[in-house]
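The values are calculated or read from the model by the stated rules, or taken from the named source; none is laboratory data. Only a predicted model underlies this, so the values are computations on that prediction, with no experimental measurement involved. Counting neighbours? That spans all protein chains shown, and the Cβs are built from the backbone with ideal geometry, glycine included. Heads up: the accessible areas ignore ligands, DNA and RNA and are worked out on the full protein's heavy atoms, side chains in. Shrake-Rupley method; radii C 1.70, N 1.55, O 1.52, S 1.80 Å.
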Amino acid sequence: MGRSDGTGATAVGVSVAGEERLLVDGELRQARSGATFTTSNPATGEVLGVAADAGPEDVGDAVAAARRAFDTTRWSTDVAFRVRCLRQLHDAFVRHADELRALTVAETGSPVSLTRSAQLDDPVAGIAWVADLAERYPWESDLGNAAPLGIPSHRWVRREATGVVGAITPWNVPHQINLAKVAPALAAGNTVVLKPAPDTPWCATALGALVVGETDIPPGVLNVVPSSDHGIGAALCADPRVDQVSFTGSTATGRTVMATAAATVKKVFLELGGKSAFVVLDDADLRGACAVAAFTVATHAGQGCAITTRLVVPRALLDDAVAATAATLAKLPAGDPGDPGTVCGPVINARQRDRIEGYLALAVDGGGEIVVGGRRPDRFDGGFWVDPALVVGLPGDSRVVREEIFGPVLVVLPHDGDGDAVAIANDSPYGLSGSVWSGDRDRAVSVANRMRTGTVGVNGGLWYSPDVPFGGYRQSGIGREMGVPGFEEYLETKSIAEPA
Ligand code: NAD
């Protein structure tokens, strides 16, 4: 388990130590090649340390270990044992929460306040929730008797683990996504090979170290293979010994994952990108709603798949909406993620900053106006920063309006009534999330019901919680994470019959 320097989570200039080793078959070890790669602090650009750089041979070892653990141990059949192990894992995370908080802020650049929710504490609570679910889950259900083809039969349905799961994750909320896959997959009786994003290896190796050091989870049940090479993820998708791929990342990579997994007809679960709409109706508290829209897009520098990045407001109120949103965004400049008051931290790396700046240039070239933000602040010595930006004046078919930027950029679009607002919200290849605001609750719910997205907040209601399924329509994904559906993603269904 890594150590923090004990100074708390001041991320600009913080020094933390992380677990360098990968986890294969119960052993924390270096890559077989001996290779390592660096992990850096987005707030400074400075190297925090290194992680083992898994190669194809390490992934091969990890899959073999997971296969053996699934096929030859009691893991997949002993629910009570699994529940006990998951509770141990939950307790281990709780014991190490302070050092993990510092590590997470240093490695992801996330504001420390978010580690009290989605960046750490909530996904840890989710482990306990899924352990409770597995304990009370109806693994078998009786369908009674029937006489198909004239043969009296007693039938029942049994749910059982899929097998070896390859879990591939991004960098923006690493504990949330690692644990939202690993915990239900393990609780359901699967074994797992976790391949984290190259930007956040330590958040994943910390999980490996806790599993080895503080739980009875048997060797091979969880394997963690950080790598600088995206090809390691592809190898997991292609390996015939892997039964299921659970992927979170961009829609472009998701397509490749699906195509690679198709060769062996793997079960594929995909959580992909988004370009979600924040719809304000003409009877809403405009200023209050716009302030929330601004706060939302500034949060973690907009690096959240479900963050609403299209603000859809009544045409007649466009100027007021822009003024209110800009006023709030101006008060939320990028700041030290270790400061408890910071909402917008750095972006993850130079490539991501350049990509965001590229979209802002495209907005201006396309006739749009950046009303506030969008500049690289000069108040930091290093790191990767963009002040939250508000963009107006772009047509609905502009790339900036349609494509996921994954940064703190909010585009404003006018609507001409509820039906038009719904049409604009749904005019997207994505369908991940959304928000609707109205003075009339029923009117807001009616719009929410017509939005073709996996989640919707009504008048500020928050859906994010371990028991709430999360996922996307259209090109935002296939399947649901969290909640009962997020557990059942990792189960097969077997129907059995005997003579009645
Ligand atoms: P990414 O798609 O570049 O990478 C995600 C993971 O896939 C990484 O671990 C990467 O190494 C791996 N990978 C890359 N190429 C691969 C391949 N050919 N085969 C298998 N694995 C491969 O995404 P990112 O930049 O790490 O994360 C940002 C993206 O993730 C955004 O598009 C965001 O919307 C999305 N995201 C979605 C959700 C969700 O739940 N829907 C949550 C968080 C992030």
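Close amide H contacts of Ser153 (hydrogens built in the peptide plane, cut-off under 5 Å, sequence separation of 5 or more or a different chain): Ala146, Ala147, Ala500. Short-range pairs are left out: with C-alpha atoms under 8 Å and at least six residues apart, the relative contact order of the stretch 301-388 is 31 percent. The DSSP beta bridges internal to the chain are antiparallel in roughly 45% of cases. Ranking Leu179, Phe70, Pro346 by Cα position along the charge dipole of the chain, where only Lys, Arg, Asp and Glu carry charges on their C-beta atoms, puts Phe70 farthest toward the positive end.
Each Lys and Arg Cβ is given +1 and each Asp and Glu Cβ -1; about its Cα centre, the chain then shows a dipole of about 700 debye.
Note on Glu27/Asp320: beta-carbon distance plugged into 1/(1 + (r/R0)^6) with R0 of 41 Å gives a FRET efficiency of 0.10.
Reported to the nearest whole Å, the Cα centre-to-centre distance from the stretch 37-80 to the stretch 133-164 is 34. Contact order for the stretch 276-465, expressed relative to its length and based on alpha carbon pairs under 8 Å spaced 6+ residues apart, stands at 28 percent.
Stretching Asp442 away from Asp420 to a fully extended chain increases their span by 6.2 nm, per 0.36 nm per residue minus the current alpha-carbon distance. For Ala252 and Val157, what does the FRET efficiency come to when R0 = 30 Å and r is the distance between their Cβ atoms, rounded to the nearest 0.05? Efficiency computed from Cβ-Cβ geometry: 0.20. Leaving out same-chain residues fewer than 8 places away, which aspartates and glutamates sit with a Cα under 18 Å from that of Lys494? Output for Lys494: Asp71, Asp78, Glu140, Asp142, Glu160, Asp243.
Rounded to the nearest 20, the size of the Cβ-charge dipole of the stretch 276-465 about its Cα centre is 380 debye, with Lys and Arg at +1 and Asp and Glu at -1.
Based on C-alpha pairs under 8 angstrom that are at least 6 apart in sequence, the chain has a relative contact order of 18 percent.
Distances between every pair of Cα atoms in the stretch 322-434, grouped in 5 Å steps from 0 to the bin holding the largest one, split as 2, 11, 20, 21, 21, 14, 7, 4, 1, 0 percent. If only the Cβ of Lys and Arg carry +1 and only the Cβ of Asp and Glu carry -1, the dipole of the stretch 149-216 around its Cα centre is close to 360 debye. Shown here are the Rg and Dmax of the Cα trace of the stretch 276-465, at 15.6, 50 Å. Taking only Cα atoms, what is the 0 to 90° angle, nearest 10, from helix 121-136's long axis to the longest principal axis of the chain? Tilt relative to the chain: about 40 degrees. Adding -39500 (n - 2.57) for every DSSP H run of four residues or longer, then dividing by how many residues the chain holds, sets the calculated 222 nm ellipticity at -11500 deg cm²/dmol. Using a probe of 1.4 angstrom and keeping all protein chains present, the accessible surface of the chain works out to 37 square angstrom per residue. The stretch between Asn449 and Thr77, if pulled fully straight at 0.36 nm per residue, gains 129.9 nm over its current Cα-Cα span.
Spin-label model, Lys331 to Asp283: label points 7 Å out along the Cα-to-beta-carbon direction sit 2.8 nm apart.
Bridging of Lys195 to lysines at a Cα separation below 16 Å is possible for Lys181, once same-chain residues fewer than 8 apart are set aside.
Compared with the alpha-carbon gap, the fully stretched path from Asp467 to Ala497 is longer by 7.5 nm at 0.36 nm per residue. Calculated on C-alpha atoms, the gyration radius of the chain divided by its Kirkwood radius gives an Rg/Rh of 1.00.
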